Amino acid sequence: MTLREWSKSEIDYGRKLVQSGLAGARSGRQNFLDGKTLDPFIADSLRHSWLPTAIGACIGLLASEPGKRGGSAGKVLGCTLLGGVIGFTAGMAWETRSLMRSVASGAASEVGKVRDEHWFETHPIDYA
């Protein structure tokens, strides 16, 4: 096998892996949502993420040491916003963990099938 043939084969295999992973992720999402749309799920997750956002903002505010001499309002605002963003991200990750688990499981399953198929192509079993 020449380098050109080998690289084409590997590129095709990589393309199959990506396509199967995306198909598996879509399948996992559809299985989780069970025919419903994604919008109500995301809206509900957003509604439940306000508490971690507020806690993160408060921690950021306290970390900026607002009463310290020489502290600037920009630093206080920046730390508060950063804490809020971190809290919001953590809250959304927590609220959508079941969806993400289903998406990742579907993707891993499909990628595993393609990897097994590729292994059997490169390591044929001779029953003779």
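Read-outs throughout are calculated quantities, based only on the coordinates presented, and are distinct from any laboratory measurement. Predicted model only: the values in this text are computed from it and were never measured. All Cβ positions, even for glycine, are placed from backbone atoms using ideal geometry, and neighbour counts span all protein chains on display.
Enumerate the lysines that Lys16 could reach by cross-link, defined here as Cα to Cα under 25 Å, with residues fewer than 8 away along the same chain left out.
Lys8, Lys113
For the modelled label position 7 Å from the Cα of Ala90 along Cα-to-Cβ, which residues of the stretch 28-58 have backbone nitrogen atoms closer than 15 Å?
Backbone N within reach: 49-58.
For Cα extents along the principal axes in Å, which listed value, [x] 82, 41, 22; [y] 30, 30, 29; [z] 57, 48, 30, comes from the coordinates shown?
[x]
Going by alpha carbons, how many degrees (0 to 90, nearest 10) lie between the helix axis of 73-95 and the longest principal axis of the chain?
40 degrees
Run the numbers for Arg101 and Cys58: contour at 0.36 nm per residue of separation, minus the present Cα-Cα distance, in nm.
Contour length minus the Cα-Cα distance gives 12.5 nm.
In whole Hz and in residue order, list the ³J(HN,Hα) couplings for the stretch 54-62 that follow from phi through the Karplus curve 6.51 cos²θ - 1.76 cosθ + 1.60, θ = phi - 60°; x for Gly and Pro.
After applying 6.51 cos²θ - 1.76 cosθ + 1.60, I find 5, 5, x, 5, 5, 5, x, 4, 5 Hz.
Defining a contact as two alpha carbons under 8 Å apart and six or more residues distant in sequence, what relative contact order in percent does the chain show?
39 percent
Using the charge dipole of the chain (Lys, Arg: +1 at Cβ; Asp, Glu: -1 at Cβ; taken about the Cα centre), state which of Gly83, Ala93, Leu3 has its Cα farthest towards the positive end.
Value: Gly83.
What ranking of Arg101, Arg4 emerges when the number of other C-beta atoms within 10 Å of each C-beta is taken as an exposure proxy, fewest first?
Values: Arg101 12, Arg4 8.
Taking fewest neighbouring Cβ atoms as first place, the list is Arg4, Arg101.
Just name one of Ala73, Gly14, Thr53: the one whose Cα is farthest towards the positive end of the charge dipole of the chain (beta-carbon charges, Lys/Arg +1, Asp/Glu -1).
Ranked along the dipole, the leading option is Ala73.
What net charge is computed for the residues neighbouring Ser27, neighbours being all others with C-beta under 15 Å from the C-beta of Ser27, Lys and Arg scored +1, Asp and Glu -1?
Net of charged neighbours comes to +2.
For the stretch 47-80, which trypsin sites (Lys or Arg not before Pro) pass both filters: DSSP loop (anything but H, G, I, E, B) and at most 12 other C-beta atoms within 10 Å? Before the final figure, lay out the partial values.
Numbers: sites: Arg47, Lys68, Arg69, Lys75; in loops: Lys68, Arg69.
Within the stretch 47-80, the qualifying trypsin sites (Lys or Arg not before Pro) (loop, at most 12 other Cβ atoms within 10 Å) are Lys68, Arg69.
Please state the charge dipole magnitude for the stretch 1-77, taken about the Cα centre, from unit charges on C-beta atoms (+1 on K and R, -1 on D and E), reported in debye and rounded to the nearest 20. List each step's numbers first, then the result.
Working: 11 positive and 7 negative charges, 45 e Å.
For this selection, approximately 220 debye.
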